[in-house]
Amino acid sequence: MTLNDPLANALSTIINSDKVGKKEVMIKPTSIVIKRVLQLMQDNQYVGSFIEVEDTKGNYLALNLLGNLNNCSVIKPRHAVSKDDFEKFEKRFLPAKNFGMLIVSTPQGIMTHTEAKEKKIGGKLLAYCY
């Protein structure tokens, strides 16, 4: 199994485990980006708490699932988005207005599209979740 996109692997593992009704999922490998995306999903009540478990073969994340996910995935290619273009991508990736979130990598860190709109900054789209 090749790991070309660890974030995509993590999100697909989460959505597949959520669909079959699992309560906990193990995400490996870990990265700062994956942890930040999970933190945003946790802040918006899509997933439960997670902890990093140190292992001899490399660390992994143990994530509790709440069953609140309909869909989540990475956005490929990683579109650059300006502060005025968020609505176009909301229409493309989210099912309804004010429902779900886009995750954006900005110069001020990884945040949701609503935070980026408030701060009036653009960035690159990483993922969506609803």
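The values are calculated or read from the model by the stated rules, or taken from the named source; none is laboratory data. Model, not experiment: these values are computed from the prediction. Please note: Cβ atoms are built from the backbone with ideal geometry, for glycine as well, and neighbour counts cover all protein chains shown.
So here's what we get for this one:
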{"quantity": "Search result, residues across the range 65-97 that are part of a strand (DSSP E or B) and under 15 Å from the mean Cα position of the chain (by Cα)", "calculated": "Leu65, Cys72, Ser73, Val74"}
{"quantity": "Among (1) part of a strand (DSSP E or B); (2) surrounded by 13 or more Cβ atoms within 10 Å (Cβ to Cβ) - the single one Ser49 does not satisfy", "calculated": "(2)"}
{"quantity": "Some residue of the range 18-28 being part of a helix (DSSP H, G or I), in contact with a helix residue (DSSP H, G or I) (Cβ under 7 Å, 6 or more places away or on another chain) and within 24 Å of Thr106 (Cβ to Cβ)", "calculated": "no"}
{"quantity": "Some residue of the range 98-106 being among the aromatic types (Phe, Trp, Tyr) and not in a helix (DSSP H, G or I)", "calculated": "yes"}
{"quantity": "Which numbered condition Ala127 fails, given (1) in a helix (DSSP H, G or I); (2) under 11 Å from the mean Cα position of the chain (by Cα)", "calculated": "(1)"}
{"quantity": "Any chance Ile14 is under 18 Å from Cys129 (Cα atoms), modelled with pLDDT of 95 or more, part of a strand (DSSP E or B) and among the hydrophobic types (A, V, I, L, M, F, W, C)", "calculated": "no"}
{"quantity": "Leading residue by the ranking (nearest to Asp18 (Cα to Cα)) among those in the range 70-102 that are in contact with a Lys or Arg (Cβ under 8 Å, 6 or more places away or on another chain) and not aromatic (Phe, Trp, Tyr)", "calculated": "Glu90"}
